[in-house]
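The values are calculated or read from the model by the stated rules, or taken from the named source; none is laboratory data. On a predicted model such as this, the values are computed, not experimentally measured, just so you know. Methodologically, a virtual Cβ is constructed for each residue, glycine included, from the backbone with ideal geometry; neighbour enumeration extends over all protein chains shown. Note: areas computed on protein heavy atoms with side chains; ligands, DNA, RNA excluded. Shrake-Rupley method; radii C 1.70, N 1.55, O 1.52, S 1.80 Å.
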Amino acid sequence: AEDFDAMTVKRRNHGRNKHGRGHVKRVRCVSTGKAIPKDKAVKRFVVRNIVETSALRDMKEAATLAQVTLRSAQLRSASYVHGDRATEAALRDEERAAEDVNDKDFRDGFSGHEIFTARGGVTYDDYIVLPGFIDFSAEEVSLRSRLTRKITLNTPLISSPMDTVTEAATAIHMALLGGIGIVHCNNTIDEQCEMVRQVKRYKNGFISDPFVLSPEHKLSDIDEIKRKSGFSGIPVTETGKMGARLVGIVTTRDHDFILDRNTLVKDVMTTDVVVAEEGCSLEEANNILRDSKKGKLPIVNAHNELVSLISRKDLRKNRDYPNASKDHGNKRLLVGASIHTRDSDKERLKRLVEQGVNVVVIDSSQGNSTFQKSMIEYIKATYGDLVQIIAGNVVTIEQAKNLIAWGADALRIGMGSGSICTTQEVMACGRPQATAVYQVARYSRLQGVPVIADGGISNVGKISKALVAGANCVMMGSMLAGTEESPGEYFYKDGLRLKRYRGMGSLDAMNSGGGSADRYFSENAKVQVAQGVAGNVADKGSLSRYLPYITTSLKHSLQDMGRRSIEEVHAGIYDGTLRFETRTVSAQKEGTVHSLHSFERREFA
């Protein structure tokens, strides 16, 4: 009975006894074939109760009841023989336990395994999560989740590496608000590296490579630096390089009203500079900066040589963005970048690593290929854990096994489920997204590899549904396209403010910039077959307001489920305590706005 999950009960009926019950001849274990050595009365008691629990949904519950009833039968026999009160009390406890097991007959909904494996492929619209018990506030919900083996985000949100979604501005805001942006590679190497550089310079702890000028530079050189990067407070060394002796600092207030921009820096710079000594902690340096009321604080060694810099702006950013995604060493914002699998992408990767990229996404619609195997093995052999690898895309366990074996640090799940993707329609290949996420996630979690749900995300509810299917993070394209920070210009059509949004499998994307054709194995094809479309999306405003709306909604969603964290959500999936219900077409209609003549929808204020 202890191993009842692997048992089968064979019941032989050779006539009826005086109570009308069949005689039990044997109870055998499937794995060993041996009879279980218990007296016939106990056997009959166990078998009868197992038959009565045939309505239970799975064998595990029947096994639990078998263990309880077997123990109850043994105690009942001991109580009859010995008549002691302790045995009778234990018997009452066992009977109460049996009642608790029988209560499972009345459990609502289905387990995740039943929902995602009992029938054909499932999409996010096909199911809903049943509410749990709330004994905490939404503010107490933690959205921390793993991005890769070694990187954890405060918010499980990623912007997609698409040329109408993620460039520097999007990546900066994603990281400031706890997520991460993946800069697209549909451009030149220089262009992509410049975007990564802008993200890494936006928010710093100790700035180890600041802009530096010499006394012989002109004010026009400061103007050019400010135009390109936004920096205006610049340290001045004897040679104009890091590691040289610090002689001053030049800020906006030093040159703001000087019309002659050919004026030399040495004529306007401040020479009485407040500095901190090398070896001080970031907290100590920040305190000096705060007390001095200066905008920049140079860090010098014993020879007064410049070794780094900290900025007051970064103090304000730390205050305003406490959940920002930063690397542990230099406290710069986390950023990712996509690459393809061509040999030329090895040079692209080298340049990206030099700029400090934290994550690379090997961007392919079908990741289970010899091309991706070669690239993953090359990255691991060349850079080790210096840069984390997100491999994919995958939708099956077989694909996931290969990528994990090759060395992937995270997997990207999805094939043909995006709003602008036509892969499933044109190629007849892919998988419904929720099923793909569940199946790949339940395997990958055993290998310690996080997974990212990529595609099919059109609202906050679907982000929650991706997480309850097993995803660690969610990648968004169309939800972030149309924001102020996304690439492209706004235009008006029929009174609506719109931005262009296109799939990387569209002919527009394949034939522009760096070209995305190799993502679909089409770079050398005589006839290019589109696997995506181009379209327009409505203005969504700034990410600085839109992302807080998404994260707040996610916290309320998890609160309704009775889960304090994404870890608790995942635990509930696999232990069966998080319950689901399938949705008919009528149920889906009922769950949206209906039966109104007209309405105005405002998602946040």
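Structure data summary
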read-out: Stokes-Einstein D for segment 535-598, Kirkwood Rh over Cα pairs, 37 °C, 0.692 mPa s (µm²/s); value: 217 µm²/s
read-out: Charge tally in the Cβ shell below 11 Å around Ser232, where Lys, Arg are +1 and Asp, Glu are -1, Ser232 excluded; value: +2
read-out: Net charge dipole size for segment 217-327 [Lys, Arg +1 and Asp, Glu -1 on Cβ; Debye, nearest 20]; value: 440 debye
read-out: Exposure ranking of His594, His340 by accessible area [1.4 Å probe, largest first]; value: His594, His340
read-out: Rg ratio (alpha-carbon, reference 2.2 N^0.38 Å) - segment 120-232; value: 1.56
read-out: Value of Rg/Rh across segment 249-338 [Cα atoms, Kirkwood radius]; value: 1.04
read-out: Isotropically averaged projected area of segment 313-385, using the convex hull of Cα atoms (one quarter of hull area), nm²; value: 6.2 nm²
read-out: Solvent-accessible surface ranking, highest first, for Thr271, Thr166 at 1.4 angstrom; value: Thr271, Thr166
read-out: Accessible surface of Met415 - all protein chains present, 1.4 Å probe, nearest 10 Å²; value: 20 Å²
read-out: Share of pairwise Cα separations in segment 385-479, more than 19 Å, in percent; value: 36 percent
read-out: Solvent-accessible surface (1.4 angstrom probe) belonging to Glu377, in square angstrom, nearest 10; value: 80 Å²
read-out: Cβ-based net charge around Leu297, under 12 Å, with every Lys or Arg adding one and every Asp or Glu removing one; value: +2
read-out: Of all accessible heavy-atom area on segment 166-225, the percent that carbon and sulfur account for (1.4 Å); value: 54 percent
read-out: At 1.567 mPa s and 4 °C, Stokes D of segment 161-213 from Kirkwood alpha-carbon radius, µm² per second; value: 110 µm²/s
read-out: Cα gyration tensor category, rounded, prolate or oblate, for segment 199-262 with a/c compared to 1.5; value: oblate
read-out: Long pairs among Lys326/Lys373; Lys226/Lys294; Lys331/Lys540, criterion Cα-Cα beyond 25 Å; value: Lys326/Lys373; Lys331/Lys540
read-out: Rg [Å, one decimal], Dmax [Å, integer] - segment 458-503, C-alpha atoms; value: 13.8, 41
read-out: Within segment 294-351: Cβ-based charge dipole about Cα centre, in debye rounded to nearest 20 (Lys, Arg +1; Asp, Glu -1); value: 280 debye
